[in-house]
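Novice: Can you read through this structure? Questions will come right after.
Every number here is computed from the coordinates shown, using simple stated rules; none is lab data. Predicted model only: the values in this text are computed from it and were never measured. Virtual Cβ from ideal backbone geometry, glycine too; neighbours counted across all protein chains shown.
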Amino acid sequence: MKKVEQSIKDFISKNIRTIPDFPKEGIQFKDITTLLQDKRALELTSFMLAQPFRNRSVDFVAGLESRGFLFGTNLAQDLNAGFIPVRKPGKLPANTLSETYELEYGEDSMEIHDDAIFEGAKVIIHDDLIATGGTASAASKLIQRLGGEVIGYSFIIELSFLKGREMLIPKVPVDSIIIE
Ligand code: AMP
């Protein structure tokens with residue numbers, strides 16, 4: 001199984017395009033549009049995202065704007081869970097909670113509807129990529145403020161040199177298909 005898994009990961013990795021200096025100089029942007037385009041890569045990525053959490057009881061997958069929405073709803077369906085969006089400021093129409101986090105220069109915020117989950121809900125946080133971990137960490141705080149429990153993190157790509165994992169809730173499993 002390990003060999004098969006590795007070849008699936010290699011295939012997924014091959015279907016992610018790296019765009020140098022986007023959106024600004026020095027950033028190696030991981031473009032997953034090429035992954036979505038290829039029907040086999042699309043299917044295998046969905047399969048690999050769900051795999052580590054199949055035997056867990058999950059109430060919600062929280063997808064992070066915006067690329068966390070692309071696989072997030074499908075992941076929720078695969079895990080027999082609901083989907084909730086965590087969005088940039090001003091996008092969610094009903095009452096929200098907001099969490100601000102530090103960027104390299106300045107700060108940003110993420111928001112969640114204040115009725116998005118129920119007390120004690122088990123939530124998986126999903127995004128396409130974890131870099132510094134600021135976005136996923138802000139989402140974690142929002143889930144906790146609503147009384148939910150973060151039981152896992154799910155990413156397609158992890159840029160491990162940025163040590164984003166260290167920002168996440170300790171001891172909660174982190175699954176990244178591709179670790180660079
Ligand atoms: P961070 O909060 O630093 O972990 O950044 C994660 C968020 O920024 C995710 O929503 C990613 O989609 C996006 N992101 C950060 N770095 C990259 C990158 N090199 N390529 C693609 N997306 C990125």
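Novice: Can you give me the number of residues within region 167-180 that are more than 11 Å from the ligand (Cβ to nearest atom) and charged (D, E, K, R)?
Specialist: 2
Novice: Among the candidates 75, 159, 129, single out the residue that is closer than 21 Å to residue 49 by Cβ, touching an Asp or Glu at 6+ places or on another chain (Cβ under 7 Å) and of a type in the set (A, V, I, L, M).
Specialist: Result of the check over 75, 159, 129: 159.
Novice: Given the conditions (1) in contact with a strand residue (DSSP E or B) (Cβ under 6 Å, 6 or more places away or on another chain); (2) farther than 25 Å from residue 138 by Cβ, and given that residue 83 satisfies all but one, which numbered condition is not satisfied?
Specialist: Only one criterion is unmet by residue 83, namely (2).
Novice: Considering only residues that are touching a His at 6+ places or on another chain (Cβ under 7 Å) and over 25 Å from residue 56 (Cβ atoms), which ones fall in region 73-94?
Specialist: Across region 73-94, the qualifying residues are 92, 94.
Novice: Inspect all residues belonging to region 121-143 and state whether any of them is away from the ligand (no atom under 11 Å from the Cβ), polar (S, T, N, Q), touching a helix residue (DSSP H, G or I) at 6+ places or on another chain (Cβ under 8 Å) and more than 20 Å from residue 83 (Cβ to Cβ).
Specialist: No, that holds for no residue.
Novice: Is it the case that region 121-130 has a residue that's surrounded by fewer than 24 Cβ atoms within 10 Å (Cβ to Cβ) and either without any contact (Cβ under 8 Å) to a residue 60 or more places away in the chain or on the phi > 0 side of the Ramachandran plot (or both)?
Specialist: no
Novice: Now, a different point. Within region 51-68, take every residue that is surrounded by fewer than 20 Cβ atoms within 10 Å (Cβ to Cβ) and not hydroxyl-bearing (Ser, Thr, Tyr) and give me the one that is farthest from residue 134 (Cα to Cα).
Specialist: For region 51-68, the residue satisfying everything is 55.
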